[in-house]
1. Could you compute the FRET efficiency for B:Phe122 and A:Ile50, with r as their C-beta to C-beta distance and R0 at 22 Å, rounded to 0.05?
2. If you split all Cα-Cα distances of chain A into 10 Å bins from zero, what percentages do you get per bin, shortest first?
3. Determine which lysines satisfy two conditions relative to A:Lys214: a Cα distance under 19 Å, and not lying fewer than 8 residues away in the same chain.
4. Run through every distinct alpha carbon pair of the stretch B:139-191 and return the Kirkwood hydrodynamic radius in angstroms, one decimal place.
5. For the stretch B:12-73, report the % of Cα-Cα distances exceeding 14 Å.
6. Mind checking the mean number of beta-carbon atoms from other chains within 10 Å of the Cβ atoms in B:105-117?
7. Quick one: what Rg and Dmax do you get for chain B from the alpha carbons, in Å?
8. Would you mind calculating the relative contact order of chain B from Cα pairs under 8 angstrom and at least 6 residues apart, reporting the percent as a whole number?
Amino acid sequence: MAVVTPGGVDAAGVATTAAPATSPATPIAGRRWDRAVILFLGPTALLMLIFLIYPTLYTIALSFNRGRRGEFTEWVGLQHYIGLLNDKSFINLSTFPPSGAIWNNVLWAIFYTGFVIFLGLVVAVLASRVRYESIIKAVVFLPMAIAATALAIIWNFVYAPDPNIGLLNAILDPFTSGSISWLGNPALVNAALIAAGIWGSVGFATVILSAALKSIPSEVLEAARTDGANERQIFFRIILPMVSLPISVLAVTLLVNVIKLFDLIYVLTNGGPGVSSRVIAFTMYNESIPGGQFGRGAAITVIMLLLLIPIMAFNIRRFRSSRVV
Amino acid sequence: MTAVAGSRPTERALTTSERLVRFMNKTPIHIALGIIAVIWLAPTVGLLVTSFRPRSDIQVTGWWESFLQFRYTLENYQQVLASQGMLDAFFNTLWIAVPSTLIPLVLASMAAYAFSWLNFPFRDALFLLVVALLMIPVQVAFIPLLKLFAPTGLLNSYGAIWLAHTAFALPFGIFLLRNFFITLPRDLIEAARIDGASTVGIFRQIVVPLSVPAIAAYGIFQFLWVWNDLLMALVFVQRGDMWPMTKAIQNLLSQYGTEWHLLAAGAFILMFVPLIVFFSLQRYFVQGLLAGSVK
């Protein structure tokens, strides 16, 4: 929910005070209903209506229909949803640990979100102590610039079983007998993918948390030091509570990333080996476009929407509390 | 905040020794940051080095050993650009990305101006709707828009993907730019109004020139978003000769998964423009990316 303010980035809404708290947008005086709105808003409204709102409603309706060839043929109620819940590749709770696309998203939500925030905080705190802070931040941020497709190729090299290609197997070569197939082993593939995802996103967390850390007044830290607080106490009792809001905003952003995650999986494993690294957005694509199961694809999209609605509500609430609409 | 449990003011001597401790504490920090830098650089550097190594070398030694051999070549790039069609794919990506950036840039600026400085019924409710639409995943568009586009021939041109990218870029653009536009000085706009400037005139001569940083940040974000996109292209670009680089590289990987020299060079061609943008426009780029975190 960051806003670019004239003063620079308000890192993910860290300093909401930077934006005016009162509704600034009282329109230009003396005008009640400005007809120029039709010119300024008309084309946008039309495009969003046809290409955004109509497809959303269509997809929701289609999820309750047979949906052959994407058309409304026969109403089937919740059949697609029930079918998905019984599909072991979508969600399988009968084994321990559970498996399936939904479960993989849960793994992503826990480990990707957790490690990105943790490592982002570590890098931000460590980098703030040295002179070359901006270089470290740029290095860690670099993967954010590149396509997920390129990131997938980079990690396809790192994970390659051939020790002349795969950096990881080359490093582990003296300690293991034979190379490890990181992406070919169902027990390792999700951890390997999540690690690549973490590598790609830590820079984002670092930049946001670093801005938040810098917003802590230095007098507060100095006062604590003079009072004899050690570094550990300062971290846990001052820094951590003061960055808890940016952390929660960051966590929400990362969860949205997880729900929408597609490119990395599609390029690196295509959901495999077998179905073991599928995630929800991958399954949606796979069922709909190559699979032609449009009704089922629509049902998966609705599940994605349902997962995103609490986040949508969170954003609207944050938005309304930061400025009066 | 200063109420750290059981603490009391300490004498100066302790502050000095604390400084000494903090100085010595820096060595582990440098080591930790060194390790972090290596972890974040090695995979990308490895890809870059590999892309310049002869195919025969890649098969027998690791890229980390190539610094001793020092045999590098541009042949991989020639091969992937010419015979693997990456040059065409590069221009396809460009031809997808430029209109998919410019159209939403213009439309979102105009809409954001309406939401910030013009009066019309249900303005605030409609803006909340825009905020809600920020979260809509692109997946909702696949089936309905494929149905909608099928009879029009748009799927045989870039029209379909331009429209799809534009629609999904608009809520974020409106949100971002509106929040910038409302911070513009009210007096300035009132004064222009009193001097007889029209609504369009105020937009063109005051709002847009004063908002260049925000518009640039959004433009860069949107450009890279489209440049790096694979999913929309998979769905809305159906002709093989129109594929962007992301799809071409994914294709290369699934067809010739062990042709490492081609993959490395291809991936670097894809990364080239975003890296240039990153290094030359880092300020705007980071702003746009942070602001884009809602998307």
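Every number here is computed from the coordinates shown, using simple stated rules; none is lab data. Everything numeric in this text was worked out from a predicted model, so none of it was measured. In this analysis, Cβ positions are derived from the backbone assuming ideal geometry, glycine residues included, and neighbour counts consider all displayed protein chains.
1. 0.65
2. P(r) for chain A, in whole percents per bin: 5, 19, 26, 24, 17, 7, 2, 0, 0.
3. Once the sequence-local lysines are set aside, what remains near A:Lys214 is A:Lys137.
4. On the way: mean 1/r = 0.0733 Å⁻¹.
Kirkwood hydrodynamic radius for the stretch B:139-191: 13.6 Å.
5. Counting every Cα pair in the stretch B:12-73, those more than 14 Å apart make up 68 percent.
6. Numbers: counts 0, 2, 9, 1, 2, 8, 9, 3, 4, 11, 5, 3, 8.
Other-chain Cβ atoms within 10 Å of each residue's Cβ, averaged: 5.
7. 25.9, 82
8. 30
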